[in-house]
Amino acid sequence: MKKVITYGTYDLLHYGHRRLLERAKALGDYLIVGVTSDDYDKSRGKINVKQSLIERMQGVRETGLADEIIVEEYEGQKIDDIKKYGVDVFAIGSDWLGKFDYLKEYCEVTYLDRTEGISSSDLRREENALNLGLVGNSANVDKVKKEAAFVDGLNVTEIRSDGSGFESLLEKVDAVYIYSRPEEHYEQIKKALNAGRHVLCETPLTMKKSQCDELFRLAEENGLVLMEALKTAFSTAYTRLLLLLKSGKIGEVISVDTTCTSMEDISGLTGDMLNERWNSICDWGPTALLPIFQILGTAPVSRRIISRRAAGTYDTFSKIDFVYERAVASAKVGKGVKSEGEMVITGTKGYVYVPAPWWKTDFFEVRYEDQSTNQRYFYQLEGEGIRYELVAFLHAVHGKHTNEEIDIDVTRAIASVMEAYGSGDGLYLLGETT
Ligand code: CTP
């Protein structure tokens, strides 16, 4: 019996796929189809895949052409499979011409003409089409624009570097990404939601918890998506870390400690000019608070904010301490200090160490008293997580998984801390400096 093998993602199975499978099948008596796993696709930069592995395998099964369907999970697996299944022919579309010649050592390699005029990417672009407007500081907005180019279907059609022309922008887009100063978020989100536009807004979403509640209510009433843009929440390593903790890998979590710092030169800036800047607590606070609220919950027994201020409301350093019923947490943030940007999660059986910069995490280690049992985890991270955040937003707009990565309660809790800092609730100021 002559065995043929072929591989692919087979997202939104189309005519081109079917034609390829037919011709591959005709090369022998038995066809094995390898379908890429979600993780494998993500690790090789294919972040847009719309259907789950199960749905994609089902699509291949329904063609009736595959005698066997397997999952492709890692680089180099093809050689293993060819040996394991006793494959005679490896077949693949001509878009891969020459790329798999190294398999000729193990079996016959055939490149089949790719069908013109159709691809999963095109189908996704059609299905996902969304015109996005960007609002805010130009450097930040440029970064988002660059990342949006990696997301099938997302078209950045309008950009405003400040709040002017916001209403006319809303007329031309389906959704907005707001990256303006935190104090402007509330009004802009409200306008966008009232105009029937979906909103992805840079964290902190608002400076008051009540504003958060009002805006989420408004979004729900209007059937719109409102999402906080906090890129760390969308990194694969970070989400896997949360799952590991839930499974009891380090026992009960007793302490979560996060640090985020970046130096900013504010010399010569006073009064309004300084207040225009994102201070430490707005710029870094939400990121540093995210794991605390996601791991220990959003209802601490007590909270204290200790800040060092330059002038006005600009804090050069803040430490936010929490006491929970059975745990403690601390977030250190600063733009006028420098420290190691790491995260440590202490448990009753072991701890998790995430090296700096932990908020762009692609790696973490689970460590124990017996070091020989330590485990290291690595997951590819592209574009600091922004492109995954955009994909999640697009999925939410198209009716899949809203607010899955960042629960609304977490967004509210972050806004509460911003509010407490603003009102001075539980705030201790270190000696005034100039
Ligand atoms: N294929 C083909 N003709 C097409 C599209 C795909 O022959 N028009 C073949 C590919 O060459 C590959 C297999 O189908 O051998 C699976 O391809 P896959 O990457 O899943 O499909 P694409 O439509 O190319 O997906 P994408 O746009 O995401 O790259």
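The values are calculated or read from the model by the stated rules, or taken from the named source; none is laboratory data. These numbers were taken from a predicted model, which means no experiment stands behind them. Every residue, glycine as well, gets a Cβ built from its backbone with ideal geometry; the counts of neighbours run over all protein chains shown. Note: accessible area is taken over every heavy atom of the protein model, side chains too, but ligands, DNA and RNA are not part of it. Shrake-Rupley method; radii C 1.70, N 1.55, O 1.52, S 1.80 Å.
Residue under question is THR411, and the condition is that it be in contact with a strand residue (DSSP E or B) (Cβ under 8 Å, 6 or more places away or on another chain), at pLDDT below 95 and surrounded by 19 or more Cβ atoms within 10 Å (Cβ to Cβ); does it hold?
On the way: in contact with a strand residue (DSSP E or B) (Cβ under 8 Å, 6 or more places away or on another chain): yes; at pLDDT below 95: no; surrounded by 19 or more Cβ atoms within 10 Å (Cβ to Cβ): yes.
So THR411 fails the test.
If a residue must be buried (at least 22 other Cβ atoms within 10 Å of the Cβ) and either polar (S, T, N, Q) or touching a Phe, Trp or Tyr at 6+ places or on another chain (Cβ under 7 Å) (or both), how many such residues does the range 183-210 contain?
Number of matching residues: 4.
Considering only residues of the range 363-408 that are β-branched (Val, Ile, Thr), in contact with a helix residue (DSSP H, G or I) (Cβ under 7 Å, 6 or more places away or on another chain) and open to solvent by 30 Å² or more (accessible area, probe 1.4 Å), which is nearest to GLY347 (Cα to Cα)?
ILE408
What number of residues in the range 102-135 are in contact (Cβ under 8 Å) with a residue 60 or more places away in the chain, surrounded by fewer than 17 Cβ atoms within 10 Å (Cβ to Cβ) and more than 8 Å from the ligand (Cβ to nearest atom)?
Total meeting the criteria: 2.
If you go through the range 136-154 one residue at a time, how many are within 16 Å of the ligand (Cβ to nearest atom) and open to solvent by 40 Å² or more (accessible area, probe 1.4 Å)?
Result for the range 136-154: 2.
On the given criteria, is ARG197 within 26 Å of CYS282 (Cα to Cα), modelled with pLDDT under 95 and more than 19 Å from the chain's Cα centre (by Cα)?
Working: within 26 Å of CYS282 (Cα to Cα): yes; modelled with pLDDT under 95: no; more than 19 Å from the chain's Cα centre (by Cα): yes.
For ARG197, the condition - within 26 Å of CYS282 (Cα to Cα), modelled with pLDDT under 95 and more than 19 Å from the chain's Cα centre (by Cα) - is not met.
Could you please let me know if THR206 is assigned to a loop (DSSP other than H, G, I, E, B) and away from the ligand (no atom under 16 Å from the Cβ)? Quick ask: steps written out before the conclusion?
Values: assigned to a loop (DSSP other than H, G, I, E, B): yes; away from the ligand (no atom under 16 Å from the Cβ): yes.
The answer is yes for THR206.
Considering only the range 347-362, state which residues are open to solvent by less than 70 Å² (accessible area, probe 1.4 Å) and in a strand (DSSP E or B).
Scanning the range 347-362 gives GLY347, VAL352, TYR353, VAL354.
Looking at (1) hydroxyl-bearing (Ser, Thr, Tyr); (2) in contact with an Asp or Glu (Cβ under 8 Å, 6 or more places away or on another chain); (3) without any contact (Cβ under 8 Å) to a residue 60 or more places away in the chain, which is the only condition THR203 fails?
The number of the failed condition is (3).
For GLY76, only one of the following conditions fails: (1) at positive phi; (2) in contact (Cβ under 8 Å) with a residue 60 or more places away in the chain; (3) open to solvent by 30 Å² or more (accessible area, probe 1.4 Å). What is its number?
Just one mismatch for GLY76, condition (2).
Which members of the range 130-160 meet the condition of being in contact with a Lys or Arg (Cβ under 6 Å, 6 or more places away or on another chain), of a type outside the set (A, V, I, L, M, F, W, C) and outside any loop (DSSP other than H, G, I, E, B)?
Answer for the range 130-160, where residues must be in contact with a Lys or Arg (Cβ under 6 Å, 6 or more places away or on another chain), of a type outside the set (A, V, I, L, M, F, W, C) and outside any loop (DSSP other than H, G, I, E, B): GLU147, GLU158.
Under 30 Å from VAL151 (Cβ atoms) and either open to solvent by 20 Å² or more (accessible area, probe 1.4 Å) or more than 10 Å from the ligand (Cβ to nearest atom) (or both), is that true of LYS83? Full working, then the answer.
Details: under 30 Å from VAL151 (Cβ atoms): no; either open to solvent by 20 Å² or more (accessible area, probe 1.4 Å) or more than 10 Å from the ligand (Cβ to nearest atom) (or both): yes.
Taking the combined requirement at face value, the residue does not satisfy it.
Looking at the range 406-434, which of its residues are outside any helix (DSSP H, G or I), touching an Asp or Glu at 6+ places or on another chain (Cβ under 8 Å) and within 19 Å of PHE216 (Cβ to Cβ)? I'd like the intermediate steps shown before the answer.
Let us first name the residues in the range 406-434 that are outside any helix (DSSP H, G or I), namely 406-407, 424-434.
Still in the list and also touching an Asp or Glu at 6+ places or on another chain (Cβ under 8 Å): 406, 425.
Answer for the range 406-434, where residues must be outside any helix (DSSP H, G or I), touching an Asp or Glu at 6+ places or on another chain (Cβ under 8 Å) and within 19 Å of PHE216 (Cβ to Cβ): just ILE406.
Any residue at all in the range 247-254 that's surrounded by 15 or more Cβ atoms within 10 Å (Cβ to Cβ), at pLDDT below 95, under 26 Å from the mean Cα position of the chain (by Cα) and not β-branched (Val, Ile, Thr)?
In the first step, residues of the range 247-254 are kept if they are surrounded by 15 or more Cβ atoms within 10 Å (Cβ to Cβ); the result is 249-250, 253-254.
Of the ones still in play, those that are also at pLDDT below 95 are none.
Scanning the range 247-254 turns up no residue that is surrounded by 15 or more Cβ atoms within 10 Å (Cβ to Cβ), at pLDDT below 95, under 26 Å from the mean Cα position of the chain (by Cα) and not β-branched (Val, Ile, Thr).
Which of the residues belonging to the range 214-240 are over 21 Å from SER180 (Cβ atoms) and among the acidic types (Asp, Glu)?
Of everything in the range 214-240, those that are over 21 Å from SER180 (Cβ atoms) and among the acidic types (Asp, Glu) turn out to be GLU220, GLU221.
Assess whether LYS99 counts as being farther than 26 Å from THR236 by Cα, more than 10 Å from the ligand (Cβ to nearest atom), open to solvent by 50 Å² or more (accessible area, probe 1.4 Å) and not in a helix (DSSP H, G or I). Don't jump to the end; show me each part of the working.
On the way: farther than 26 Å from THR236 by Cα: yes; more than 10 Å from the ligand (Cβ to nearest atom): yes; open to solvent by 50 Å² or more (accessible area, probe 1.4 Å): yes; not in a helix (DSSP H, G or I): yes.
In short, yes.
If you check GLU419, GLU369, GLU404, GLU432, which single one turns out to be at pLDDT 95 or above, of a type outside the set (S, T, N, Q) and over 20 Å from TRP284 (Cα atoms)? Break it down into steps so the answer makes sense when it comes.
Values: GLU419 fails: over 20 Å from TRP284 (Cα atoms); GLU404 fails: at pLDDT 95 or above; GLU432 fails: at pLDDT 95 or above.
Residue meeting the stated conditions: GLU369.
Residues that are in contact with a His (Cβ under 9 Å, 6 or more places away or on another chain), at pLDDT below 95 and among the charged types (D, E, K, R): does the range 72-83 have at least one? Outline the logic, then answer.
First pass over the range 72-83, keeping only residues in contact with a His (Cβ under 9 Å, 6 or more places away or on another chain): none.
Within the range 72-83, none of the residues are in contact with a His (Cβ under 9 Å, 6 or more places away or on another chain), at pLDDT below 95 and among the charged types (D, E, K, R).
Can you tell me which residue within the range 331-346, out of those that are part of a strand (DSSP E or B) and either open to solvent by 50 Å² or more (accessible area, probe 1.4 Å) or touching an Asp or Glu at 6+ places or on another chain (Cβ under 6 Å) (or both), is farthest from ILE305 (Cα to Cα)? So that I can check it myself, show each step before the final result.
Step one: list which residues in the range 331-346 are part of a strand (DSSP E or B), which gives 331-334, 343-346.
This time we only want the ones that are either open to solvent by 50 Å² or more (accessible area, probe 1.4 Å) or touching an Asp or Glu at 6+ places or on another chain (Cβ under 6 Å) (or both), so: 332, 344, 346.
On the way: LYS332: 10, VAL344: 20, THR346: 21 Å.
Applying the filter and picking the extreme gives THR346.
List, please: which pairs have Cβ atoms under 6 Å, are six or more places apart or on different chains, and start with a residue in the range 333-349 that is without any contact (Cβ under 8 Å) to a residue 60 or more places away in the chain and end with one that is open to solvent by 20 Å² or more (accessible area, probe 1.4 Å)?
Nothing qualifies.
Just for the range 18-56: of the residues that are within 12 Å of the ligand (Cβ to nearest atom), out of contact with any Ser or Thr (no Cβ under 7 Å at 6 or more places or on another chain) and open to solvent by 30 Å² or more (accessible area, probe 1.4 Å), which one is farthest from PHE393 (Cα to Cα)?
Out of the qualifying residues, it is ARG23.
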